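Read the structure below first, then the notes.
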Amino acid sequence: MRVGLFGGSFNPTHEGHAHVAETAMVRLDLDRVIWLVSPQNPLKSSRDTAPLSQRMANATAYARGPGMIVSDAETRMGSQYTIDSVRVLKARYPGVKFVWIMGADSLSTFHRWRGWTQLLNELPVAVISRPWAGLKSRFSPAARRFAAARWPASRARLLPGAKPPAWVYLVGPLNFASSTAMRERARHGAVEKG
């Protein structure tokens, strides 16, 4: 079984998230993509984070098609950090070939995640291109530190099951939806109405 783990706040979920998950599913030839809805991103304010039930419902609306699964596994595991979640999942399902999936915008701040170097040594990573993140992500501390472990996009289908560290940057059509922009528009609209 080849499974992509797509973690995030999904606050709010949008077409860009669906684009990343669907691109990974096709380009990596995955059997499943599990959307791991974070209980609370430690790098973001809880004031700006919608309730988990709302984010789960929104993610479910965008996780279309067979093989797309929305999960609150991190909440049920009591895990706040991706590295801990990945280790638990790998231990529970030793026969599964896991791949971490992220948008390129996340790669540019990946070095701020707790245990980011360990995460790259735990499982392969697929980075999907996102608007305005190309150069910043490809020259990020994580991309530079693990430059020798980067695979060409032509070998993406071989990434699941690869011995880490191994990662690929997949370029394709871009989807311009952004959670940050959506929150800003909502905040701006609330100020105008007030």
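The values are calculated or read from the model by the stated rules, or taken from the named source; none is laboratory data. Quick caveat: nothing in here was measured; it's all calculated off a predicted structure. Here the Cβ positions follow ideal geometry from the backbone for every residue, glycine too, while neighbour counts run over all protein chains shown.
Can you go through V70, V99 and tell me which one is surrounded by 19 or more Cβ atoms within 10 Å (Cβ to Cβ), in contact with a Leu (Cβ under 8 Å, 6 or more places away or on another chain) and not acidic (D, E)?
Just a single option satisfies the conditions, and that option is V99.
Please work out which residue is surrounded by the fewest Cβ atoms within 10 Å (Cβ to Cβ), limiting yourself to segment 102-123 and to residues that are small (G, A, S) and part of a helix (DSSP H, G or I).
This residue is S106.
Which is closer than 16 Å to A24 by Cβ, modelled with pLDDT of 90 or more and not hydrophobic (A, V, I, L, M, F, W, C), of P160, P173?
P160
So which of L107, L28 ends up being at pLDDT below 95, under 17 Å from I128 (Cα atoms) and in contact with a strand residue (DSSP E or B) (Cβ under 7 Å, 6 or more places away or on another chain)?
L107
Which of the residues that make up segment 4-22 are of a type outside the set (D, E) and either surrounded by fewer than 21 Cβ atoms within 10 Å (Cβ to Cβ) or without any contact (Cβ under 8 Å) to a residue 24 or more places away in the chain (or both)?
Answer for segment 4-22, where residues must be of a type outside the set (D, E) and either surrounded by fewer than 21 Cβ atoms within 10 Å (Cβ to Cβ) or without any contact (Cβ under 8 Å) to a residue 24 or more places away in the chain (or both): S9, P12, H14, A18.
For S137, are the conditions met, namely being surrounded by 22 or more Cβ atoms within 10 Å (Cβ to Cβ), within 15 Å of the chain's Cα centre (by Cα), among the polar types (S, T, N, Q) and part of a helix (DSSP H, G or I)?
yes
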